[in-house]
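The values are calculated or read from the model by the stated rules, or taken from the named source; none is laboratory data. Quantities reported herein were computed from a predicted structural model and do not represent experimental measurements. Neighbour counts run over all protein chains shown; Cβ positions are idealised from the backbone, glycine included.
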Amino acid sequence: MVWIPRRISGRIGKAMSILVDAASRVLVQGITGREGMVRTQLMKDYGTTVVAGVTPGKGGQNVCDVPVYDSVEEAWQASGPLDISVVFVPAMLVKNAALEAIAAGIKLVVIVPDRVPILDVLEIARFADIKGARFVGPNTLGLVSPGKAVLGMIGGRAESAREWFRPGPVGVTSRSGGMTSAISYYLTEAGIGQSTIVHVGGDAVVGMSHPEVVASFQEDEQTRLIVMFGEIGTTQEERVADLIENGNVTKPVVAYIGGKAAKSGTRFSHAGAIVEGTRGSHASKVERLQAVGVQVVDSIADIPQVAAQLLDSMGGKNE
């Protein structure tokens, strides 16, 4: 029997833009690798509070003026409590890195690498559930709280992240890394800022999926409207519809569903975007979302206009 993780509701720690703010203390696992070094610089340049890094056997070094330790426990003892770990290690080492971080007391892990085995992800999910922790990914670009912090590699450079993402009332959740940035950029161009932007990851099994992120936006005082980029495959979008139907999500939702032309059994873009029979099809997702009042658009380009209309009806774009 396959174990399915129980999802955790509510926010982590003190009030913040659902997952991270400028005061969140961040650890980077795999900090001495190429990606770890480049992305640590991105996060620091943006203003993220990166306080420590971990690479076994590399303790005592410094990367981007961040001290490196041999273990998460050692980093915690030397640097003080850690809120978040961002993981940049090879896929086969992700499970051990994530379990180590959660065991040490870290409550949010961002797993950037792709090709992490599904059984490893399920084991991480089980341990996170036991310890009251959460994780984003795997196969995620990360997330942004505009004007506060970047986790992962989203935005590419701090200058781009500052230009593309602006603080505001719209929460963005997406299964596509490229569309995560594109939607947020188009919203910014239309004068509409974002509260938090989350790339949940493109794999079939992920930590925080659309329903968990949307539920967090529902609890967030800054977020007044939710934008969701969905795809064929999995039941994430249908479970968002369930939340709305049951009254657990009352904020307006604008959605786009990719993969309209994909045939059954054909993977569309991401590992998790595959239709088996009629389950997870484009038509079934659109029909279910529309039935509960979600504004489903036909084009990504329509999102800013629809979002602006909904925000105007609630009293202004960025109020």
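Here are the criteria: (1) part of a helix (DSSP H, G or I); (2) in the same structural domain as Val205 (by TED's automatic domain parsing); (3) without any contact (Cβ under 8 Å) to a residue 60 or more places away in the chain. Tell me which single one Asp120 does not satisfy.
Among (1) part of a helix (DSSP H, G or I); (2) in the same structural domain as Val205 (by TED's automatic domain parsing); (3) without any contact (Cβ under 8 Å) to a residue 60 or more places away in the chain, the lone unmet condition for Asp120 is (2).
Could you count how many residues in the range 144-175 are crowded, with 23+ Cβ neighbours inside 10 Å, of a type outside the set (Gly, Ala, Ser) and farther than 19 Å from Ala307 by Cβ?
Of the residues in that region, 3 qualify.
Does Glu163 count as part of a helix (DSSP H, G or I), out of contact with any Leu (no Cβ under 6 Å at 6 or more places or on another chain) and more than 25 Å from Glu287 (Cα to Cα)?
Values: part of a helix (DSSP H, G or I): yes; out of contact with any Leu (no Cβ under 6 Å at 6 or more places or on another chain): yes; more than 25 Å from Glu287 (Cα to Cα): yes.
Here the answer is yes, as Glu163 does meet what is asked.
Could you tell me which numbered condition Ser160 fails, if it satisfies all but one of (1) in contact (Cβ under 8 Å) with a residue 24 or more places away in the chain; (2) more than 18 Å from the chain's Cα centre (by Cα)?
Exception for Ser160: condition (1).
I'd like the full set of residues that are within 15 Å of the chain's Cα centre (by Cα) and surrounded by fewer than 20 Cβ atoms within 10 Å (Cβ to Cβ), limited to the range 108-134.
Correct list: Asp114 only.
Residue pairs, Cβ under 6 Å, 6 or more apart or interchain, first in the range 99-114 and over 9 Å from Val87 (Cα atoms), second among the charged types (D, E, K, R) and assigned to a helix (DSSP H, G or I). List them.
Ile102/Lys131; Ala104/Glu73
If the requirement is being modelled with pLDDT under 95 and buried (at least 16 other Cβ atoms within 10 Å of the Cβ), which of these qualifies: Ile84, Ile12, Ile4?
Working: Ile84 fails: modelled with pLDDT under 95; Ile4 fails: buried (at least 16 other Cβ atoms within 10 Å of the Cβ).
Just a single option satisfies the conditions, and that option is Ile12.
Looking at Val89, Val94, can you tell me which residue is over 19 Å from His210 (Cα atoms) and in a loop (DSSP other than H, G, I, E, B)?
Val89
Can you pull out the residues in the range 39-81 that are farther than 22 Å from Leu143 by Cβ and either of a type in the set (Phe, Trp, Tyr) or modelled with pLDDT under 95 (or both)?
Across the range 39-81, the qualifying residues are Tyr69, Trp76.
Considering only the range 283-308, how many residues are surrounded by 20 or more Cβ atoms within 10 Å (Cβ to Cβ) and of a type outside the set (Lys, Arg)?
So the answer is 6.
Go through (1) in a loop (DSSP other than H, G, I, E, B); (2) modelled with pLDDT of 90 or more and name the single condition Ala262 misses.
(2) is the only condition that Ala262 fails.
Going by the conditions given, is Thr278 modelled with pLDDT under 95, within 27 Å of Ala133 (Cβ to Cβ) and surrounded by fewer than 23 Cβ atoms within 10 Å (Cβ to Cβ)? Walk me through it before giving the result.
Details: modelled with pLDDT under 95: yes; within 27 Å of Ala133 (Cβ to Cβ): no; surrounded by fewer than 23 Cβ atoms within 10 Å (Cβ to Cβ): yes.
Against the criterion (modelled with pLDDT under 95, within 27 Å of Ala133 (Cβ to Cβ) and surrounded by fewer than 23 Cβ atoms within 10 Å (Cβ to Cβ)), Thr278 does not qualify.
Condition test on Gly132, is it in contact with a Gly (Cβ under 6 Å, 6 or more places away or on another chain), within 21 Å of Phe217 (Cβ to Cβ) and modelled with pLDDT of 95 or more?
Numbers: in contact with a Gly (Cβ under 6 Å, 6 or more places away or on another chain): no; within 21 Å of Phe217 (Cβ to Cβ): yes; modelled with pLDDT of 95 or more: yes.
Judged against the criteria, Gly132 is not a match.
So, Gly53, is that one closer than 27 Å to Ile197 by Cβ and crowded, with 16+ Cβ neighbours inside 10 Å or not?
Values: closer than 27 Å to Ile197 by Cβ: yes; crowded, with 16+ Cβ neighbours inside 10 Å: yes.
So Gly53 fits the description; yes.
Of all residues in the range 166-179, count the ones that are under 16 Å from Leu19 (Cβ atoms) and either over 15 Å from the mean Cα position of the chain (by Cα) or modelled with pLDDT under 95 (or both).
Initial filter on the range 166-179 (under 16 Å from Leu19 (Cβ atoms)): 167, 170-174.
Going one step further and asking which of them are either over 15 Å from the mean Cα position of the chain (by Cα) or modelled with pLDDT under 95 (or both), we end up with 167.
Residues in the range 166-179 being under 16 Å from Leu19 (Cβ atoms) and either over 15 Å from the mean Cα position of the chain (by Cα) or modelled with pLDDT under 95 (or both): 1 in total.
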